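Participant: Here you go, one structure.
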Amino acid sequence: MADSGPLSAPILKVLPEIYQVAAETSLPLQALLAVAEDMHRPVREVLDRIQTVPDPGRAPSSFIPFLSRWVDLDWLTLPNPESVGSAAAGVPVARQRDLIACAATLSARRGTVDGLTRFLHLATGIPGFTIESVPGEFHIKVVVPSAAAGQLELVRRIVKGIKPAHVTDEIEVAGA
């Protein structure tokens, strides 16, 4: 961004009129304004795009872990300390963005069959999960579509984290 000199500096507009008038002829004041503009430019650039910070679709990828913590999804999006290998690296950033965007709805449906199904779909990016639940038995059976068979560790983490604590579970891959 090239500026056309200290007399067009945005900082000059917020200074008292006496400085604005003096800046027309004072070389030391013009130099001071130029330095002040250079120092404030990075902050102004951040503030110009501040509306993108809480938006999971537009936030920088480096900010997604913070947003995950903000909506209580860090238990899922951070790598699992009990796991070994690259499959344990957590949820891809694109999937995290979807989860963060839907966090309020997912939280409202937490502990329900519909909520668990939606959560699994968003986290894996694969539709077709079915959950079998018999009322009064306190047990669920999660049938994972074959396309998501490579994400079983993630599915297990989600099921353990979302289902009510008193409910037992089993996970099965469809067609296996």
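Participant: Going Cα to Cα from Lys163, which aspartates and glutamates come in below 19 Å? Please leave out same-chain ones fewer than 8 positions away.
Facilitator: Those aspartates and glutamates meeting the cut-off are Asp72, Asp74, Asp114, Glu132, Glu137, Glu153, Glu172.
Participant: Take Ile50, Ile64 and sort them by solvent-accessible surface of the protein heavy atoms, 1.4 Å probe, largest at the top.
Facilitator: Descending accessible area places them as Ile50, Ile64.
Participant: Can you list the residues, at least 5 places off or on another chain, whose amide H is less than 5 Å from the amide H of Val173, using H built in the peptide plane?
Facilitator: Here Val144 satisfy the definition.
Participant: Show which aspartates and glutamates lie in cross-link reach of Lys13 when reach means a straight Cα distance below 20 angstrom and same-chain residues fewer than eight apart are skipped.
Facilitator: Once the sequence-local aspartates and glutamates are set aside, what remains near Lys13 is Asp3, Glu24, Glu37, Asp38, Glu45, Asp48.
Participant: With n ≥ 4 as the cut-off for DSSP H runs, can you work out [θ] at 222 nm for the chain, using -39500 (n - 2.57) per run divided by the number of residues, rounded to the nearest 500? Intermediate values should be presented prior to the final figure.
Facilitator: Details: 8 runs with 77 residues, N = 176.
Computed mean residue ellipticity for the chain: -12500 deg cm²/dmol.
Participant: Still on this model: Mind computing the radius of gyration and Dmax over the alpha-carbon atoms of region 98-150? Å is fine for both.
Facilitator: Here Rg and the maximum Cα pair distance are 11.7, 33 Å.
Participant: Compute a Gaussian network model of the chain, connecting alpha carbons closer than 10 Å, and tell me which residue from Ala147, Ala34, Ala22 fluctuates the most.
Facilitator: So, out of Ala147, Ala34, Ala22, the one fluctuating most is Ala22.
Participant: Could you work out which residue, out of Pro92, Pro135, Pro54, moves most in a Gaussian network model of the chain, that is, has the largest mean-square fluctuation with Cα springs under 10 Å?
Facilitator: Pro135
Participant: How much accessible area per residue does the chain have, counting only protein heavy atoms and a probe of 1.4 Å, in square angstrom? Walk me through the numbers before you get to the answer.
Facilitator: Working: 10650 Å² over 176 residues.
In whole numbers, the chain has 61 Å² accessible per residue.
Participant: Hey, another quick one. Which angle from 0 to 90°, rounded to the nearest 10, does the C-alpha axis of helix 113-124 make with the longest principal axis of the chain?
Facilitator: 60 degrees
Participant: Also: Normalised radius of gyration for region 121-176, please: alpha carbon Rg relative to 2.2 N^0.38 Å, two decimal places. All intermediate terms of the calculation are to be shown ahead of the outcome.
Facilitator: Details: Rg = 11.0 Å, N = 56, 2.2 N^0.38 = 10.2 Å.
Rg over 2.2 N^0.38 Å, computed on Cα atoms: 1.09.
Participant: Between the DSSP loop rule and a limit of at most 15 other Cβ atoms within 10 Å, which chymotrypsin sites (Phe, Trp or Tyr not before Pro) in region 102-176 are left? The partial results should precede the final answer.
Facilitator: Working: sites: Phe119, Phe129, Phe138; in loops: Phe129, Phe138.
Those that pass, being in a loop and sparsely packed, are Phe138.
Participant: Next up: For the pair Arg44 and Phe66, what calculated FRET efficiency results from E = 1/(1 + (r/R0)^6), where r is the Cβ-Cβ distance and R0 = 22 Å, to the nearest 0.05?
Facilitator: Working: r = 22 Å, r/R0 = 1.00.
That gives a FRET efficiency of 0.50.
Participant: Where does helix 152-162 land angle-wise versus the long Cα axis of the chain, in degrees 0 to 90, nearest 10?
Facilitator: 80 degrees
Participant: Quick one: pull the percent of accessible area on the chain belonging to carbon and sulfur, 1.4 Å probe, ligands and nucleic acids left out.
Facilitator: Details: 6450 of 10650 Å².
Whole-percent figure for carbon plus sulfur exposure: 61.
Participant: So, one more: Kindly write out, for region 56-66 in residue order, the coupling ³J(HN,Hα) from the Karplus curve 6.51 cos²θ - 1.76 cosθ + 1.60 (θ = phi - 60°), rounded to whole Hz, with x marking Gly and Pro.
Facilitator: Coupling constants for region 56-66: x, x, 10, 5, x, 4, 5, 8, 4, x, 5 Hz.
Participant: For the chain, take the convex hull of the Cα atoms, compute a quarter of its surface area, and give me that in nm², please. It would help to have the intermediate numbers written out before the result.
Facilitator: Numbers: hull surface 60.7 nm².
Directional mean of the projected Cα hull area for the chain stands at 15.2 nm².
Participant: Longest span of the chain, sites excluded, free of trypsin sites (Lys or Arg not before Pro) in DSSP loop with at most 12 other C-beta atoms within 10 Å? Mind showing how you got there, number by number?
Facilitator: On the way: sites that count: Arg49, Arg58.
It works out to 59-176.
Participant: Here is a further query. Kindly list the residues of region 103-139 that lie in the label zone of Asp55, defined by a backbone N under 19 Å from the point 7 Å along the Cα-to-C-beta vector.
Facilitator: Residues passing the 19 Å test: 103-104.
Participant: Taking a ≥ b ≥ c as the square roots of the eigenvalues of the Cα gyration tensor of region 1-66, is the shape rounded (a/c under 1.5), prolate (a/b larger than b/c) or oblate?
Facilitator: Details: a/c = 3.98, a/b = 3.15, b/c = 1.26.
Prolate.
Participant: How many percent of DSSP beta bridges within region 52-176 run antiparallel, rounded to 5? Before the final figure, lay out each step's value.
Facilitator: Values: 4 of 10 bridges.
Bridges in region 52-176 that DSSP calls antiparallel: roughly 40 percent.
Participant: Further, regarding this structure: Return the single residue from Val21, Val155, Val91 with maximal mean-square fluctuation; model: Gaussian network over the chain, springs between Cα atoms under 10 Å.
Facilitator: Per the Cα network of the chain with a 10 Å cutoff, Val21 tops the list.
Participant: Using the basic label-point model (7 angstrom from Cα toward the beta carbon), what is the Val35 to Val134 distance in nanometres?
Facilitator: Roughly 8.0 nm, to one decimal.
The values are calculated or read from the model by the stated rules, or taken from the named source; none is laboratory data. Please read these numbers as outputs of a predicted model, since none were measured by experiment. FYI the Cβ positions are ideal-geometry reconstructions off the backbone, even for glycines, and counts take in every protein chain you see. These area figures cover heavy atoms from the full protein model, side chains too; ligands, DNA and RNA do not enter into them. Shrake-Rupley method; radii C 1.70, N 1.55, O 1.52, S 1.80 Å.
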